[in-house]
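So the structure is just underneath, and the comments pick up after that.
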């Protein structure tokens with residue numbers, strides 16, 4: 001792309017319509033900034049890169065929506081943990097923290113008797129994914145006074161912008177003169193339930209299965225069968241010479257429940273800063289209830305009896321469509 005093409009592309013906003021209307025989605029305020037009709041970036045760059053003979057550009061309609069959320073940058077959090085905290089304490093806090101419903105997708109915007117299905121969406125923090133068209137929309141809305149003052153003073157790291165692709169008929173609707181709502185898909189929580197049952201095991205094929213009774217989310221008795229411990233050898237990353245020995249626990253459980261096993265000494269140790277983790281779950285094709293959980297790295301020839309804890313389990317449910 002040469003400079004002329006770049007300038008033409010950046011200036012190419014065929015239409016713009018400001019809205020500045022606040023709605024509630026999952027009990028959180030969002031601000032409908034406005035609409036733009038812009039060149040389809042994917043189709044435009046594809047034509048340039050592939051030398052297409054067609055000079056006709058495809059245009060799309062985008063609805064810009066602002067919302068406030070926590071930033072992804074961990075350094076944002078001002079409260080630092082002063083006293084040593086174990087992994088067990090942090091995991092218990094996660095279990096005890098009430099689940100906050102999350103929106104996993106927006107399907108339809110409704111304005112009066114008009115409905116506008118979403119055919120595509122992009123999302124990102126304003127400060128990190130600031131585009132020309134997005135900047136033009138925010139600037140136009142601010143100059144026109146359609147952004148409420150409380151939105152103007154939100155920290156840039158907490159401000160996110162969604163771009164929803166709608167039908168061009170959205171320009172013909174007076175969004176501020178009609179009742180507006182949104183059809184969304186709510187993300188069902190992966191419910192974590194504490195178990196806290198400990199047992200001892202050593203690697204090898206000469207161990208007896210261990211049965212652990214649990215109560216499922218509906219209050220019914222269920223059983224987890226631990227078949228054994230195995231040391232699996234992983235080749236490591238391409239730039240690493242040494243292979244990795246990973247301790248895996250093999251277990252059988254109800255299909256909709258995922259167990260969380262840990263070494264007891266791992267749970268009771270202090271949580272290091274910026275700790276990574278090893279996790280894996282594999283289902284045998286012959287029996288989908290047989291799975292593996294990885295307990296961490298071990299040295300060559302590892303053959304120790306260790307204490308393991310079935311700390312908790314997750315209960316998975318299918319997502320359902322909800323209307324807000």
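The values are calculated or read from the model by the stated rules, or taken from the named source; none is laboratory data. Quantities reported herein were computed from a predicted structural model and do not represent experimental measurements. As a convention, Cβ positions derive from the backbone with ideal geometry for all residues, glycine included, and neighbour counts pool all protein chains shown.
Annotations
- Residue in region 148-157 that is over 30 Å from residue 91 (Cα atoms), touching a residue at least 12 places away in the same chain (Cβ under 8 Å) and surrounded by 14 or more Cβ atoms within 10 Å (Cβ to Cβ) present: yes
Per-residue answers, yes or no, for (1) loosely packed, with under 11 Cβ neighbours inside 10 Å; (2) modelled with pLDDT of 90 or more; (3) in a strand (DSSP E or B):
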{"site": "197", "(1), (2), (3)": "no, yes, yes"}
{"site": "200", "(1), (2), (3)": "yes, yes, yes"}
{"site": "207", "(1), (2), (3)": "no, no, no"}
{"site": "214", "(1), (2), (3)": "no, yes, yes"}
{"site": "227", "(1), (2), (3)": "no, yes, yes"}
{"site": "232", "(1), (2), (3)": "no, no, yes"}
{"site": "248", "(1), (2), (3)": "no, yes, yes"}
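- Any hit, region 177-191, residues being touching a strand residue (DSSP E or B) at 6+ places or on another chain (Cβ under 6 Å), modelled with pLDDT of 90 or more and either over 28 Å from residue 268 (Cβ atoms) or surrounded by 11 or more Cβ atoms within 10 Å (Cβ to Cβ) (or both): no
- Filter pass, residue 267 being in contact with a helix residue (DSSP H, G or I) (Cβ under 6 Å, 6 or more places away or on another chain) and either modelled with pLDDT of 90 or more or more than 18 Å from residue 312 (Cα to Cα) (or both): yes
Residues are listed down the side, and each one gets a yes or a no for (1) without any contact (Cβ under 8 Å) to a residue 24 or more places away in the chain; (2) assigned by TED's automatic domain parsing to the domain that holds residue 119:
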position	(1), (2)
168	no, yes
172	yes, yes
176	no, yes
181	no, yes
196	no, no
214	no, no
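- Qualifying residues in region 115-135 (those that are touching a helix residue (DSSP H, G or I) at 6+ places or on another chain (Cβ under 8 Å) and modelled with pLDDT under 90) - the one nearest to residue 36 (Cα to Cα): 132
- Looking only at region 166-195, and only at residues there that are part of a loop (DSSP other than H, G, I, E, B) and more than 27 Å from residue 89 (Cα to Cα), the one that is nearest to the chain's Cα centre (by Cα): 167
- Cβ pairs under 8 Å, 6+ apart, first in region 113-136 and outside the structural domain of residue 70 (by TED's automatic domain parsing), second at pLDDT below 85 and surrounded by 13 or more Cβ atoms within 10 Å (Cβ to Cβ): none
- Selected residue (criterion: modelled with the highest pLDDT) from residues of region 78-99 that are surrounded by 10 or more Cβ atoms within 10 Å (Cβ to Cβ) and in a loop (DSSP other than H, G, I, E, B): 85
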